[in-house]
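Please treat every number below as a calculation from the coordinates, not as lab data. A quick note: this is a predicted structure, and the numbers were derived from the prediction, not measured. Note: ideal-geometry Cβ built from the backbone for every residue, glycine included; neighbour counts use all protein chains shown.
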Amino acid sequence: MTSNGSPVEDVTISDTGFHLPQRRGSGSVDGGVDAAALVGSLLSLPPRAHKRRRGRQGGQEENAEKDQRRGSDGTDEQAVAAKRQVADGSVSASGAAASSQPVPPPPPPSDAGWVQKFEYRDHTADIQLHSWGDSLPEALEQVILAMFAYMTDLNKVDIDHPAHTQTIEVEGHDMDSLLFALLDEFLFRFLTNEWVIRRVRVEWIQMGDKRTFRRNESGEVVTINNAPSSTSSSSSSSSSTYRARVTGWGEHFTLDKHTQGTEVKAITYSNMQIYLDGQRVRGDNERSAIQQEDEYMETEEQKTASKQESGEKLYGAEIFVIVDI
């Protein structure tokens with residue numbers, strides 16, 4: 001029913017479209033609206049503006065222009081990385097321009113004079129890696145090789161340089177987390193990319209605001225005492241500056257050539273120990289738990305003297321890590 005009580009007739013649909021009813025004696029619907037005009041206003045849409053598609057040639061020209069602006073080798077991204085290195089002090093400002101260019105991987109070290117300085121200690125359901133060296137970088141290199149040597153015979157691994165030479169940078173909030181991140185990254189690349197190494201070299205290690213170990217051109221380890229931060233938030237800012245840069249040389253792992261040992265599934269923090277110059281390097285996650293225990297233990301000087309009296313060899317650095325197998 002309409003507002004004036006008149007019955008509303010149904011709208012009919014035919015092949016030509018919608019048809020609204022008309023009142024008798026009139027060509028309009030209630031209110032005098034023309035039916036054809038009403039239908040046209042409801043069903044008609046404004047014409048759509050057509051966009052002209054850019055041809056394939058135009059897209060190629062645009063990409064070529066972009067490559068020309070930033071360099072097809074990604075120079076702009078490398079420049080940003082170089083500026084970041086200058087900011088954090090890993091390279092000098094004078095060497096920033098050189099570092100912005102692609103740097104070829106360093107050549108592998110010689111096998112001459114290399115001595116195995118790691119062993120395996122039994123542990124319940126796991127295995128403990130024990131490595132040592134005259135310096136912390138050497139002990140880290142040995143523990144990395146110990147992990148790979150447990151999974152395959154390194155004597156059958158050749159060096160495919162530079163195709164399978166990789167440089168890794170990791171960081172942590174203390175030495176324990178840095179060691180964990182380093183071993184975990186090497187293990188990840190072995191399990192995913194089947195990359196096995198024969199030789200490894202620690203380029204540098206930054207121990208927060210304490211010390212930095214860096215290899216010079218002749219391969220000798222140089223120790224640099226870092227200046228402590230003068231800001232009030234030095235403890236929080238230095239906690240994330242434990243970093244290391246490590247290069248590994250090896251090849252692609254294949255069962256046709258390499259032996260299959262015991263697979264290392266994961267790295268653990270369980271009983272992780274790092275000794276530097278005969279002193280235990282404590283991790284942040286265990287300092288409070290071991291503080292009371294240390295009150296009842298010998299001092300580091302007494303333990304060192306005890307080792308000397310017993311004839312036990314002292315190392316510049318020692319590492320103990322339990323891995324899940």
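Near the amide H of Lys117, under 5 Å away, which other amide H atoms are found, from residues 5 or more places off or on another chain, if H is placed in the peptide plane?
Here the answer is none, since no amide H 5 or more places off falls under 5 Å of that of Lys117.
Step through the residues of the stretch 159-175 one at a time and calculate ³J(HN,Hα) from phi using the Karplus curve (6.51 cos²θ - 1.76 cosθ + 1.60, θ = phi - 60°), rounding each to whole Hz and writing x for Gly and Pro.
Couplings: 9, 9, 9, x, 4, 10, 10, 10, 10, 10, 10, 10, 8, x, 8, 7, 5 Hz.
Find out how many positive minus negative residues lie around Ile159, taking Lys and Arg as positive, Asp and Glu as negative, among other residues whose Cβ is under 10 Å from that of Ile159. Let's see the in-between values first.
On the way: positive: Arg198, Arg199; negative: Asp111, Asp158, Asp160, Glu251.
Summing Lys/Arg as +1 and Asp/Glu as -1 gives -2.
So what are the ³J(HN,Hα) numbers for the stretch 118-135, from phi and the Karplus equation (6.51, -1.76, 1.60; θ = phi - 60°), rounded to whole Hz, Gly and Pro as x?
In residue order, the calculated couplings are 8, 8, 10, 10, 5, 8, 4, 6, 9, 9, 9, 8, 10, 10, 8, x, 6, 9 Hz.
Can you give the direction-averaged projected area of the convex hull of the alpha-carbon atoms in the stretch 110-222, in nm²? Could the numbers behind the result be given before it?
Working: hull surface 32.7 nm².
That works out to 8.2 nm².
Counting Lys and Arg as +1 and Asp and Glu as -1, what is the net charge of the other residues whose Cβ lies under 9 Å from the Cβ of Arg245? Before the final figure, lay out each step's value.
On the way: positive: Arg243; negative: Glu169, Glu203.
After counting each charged neighbour, the total is -1.
In terms of modelled amide H atoms, which long-range or inter-chain residues lie less than 5 Å from the amide H of Thr152?
Gly261
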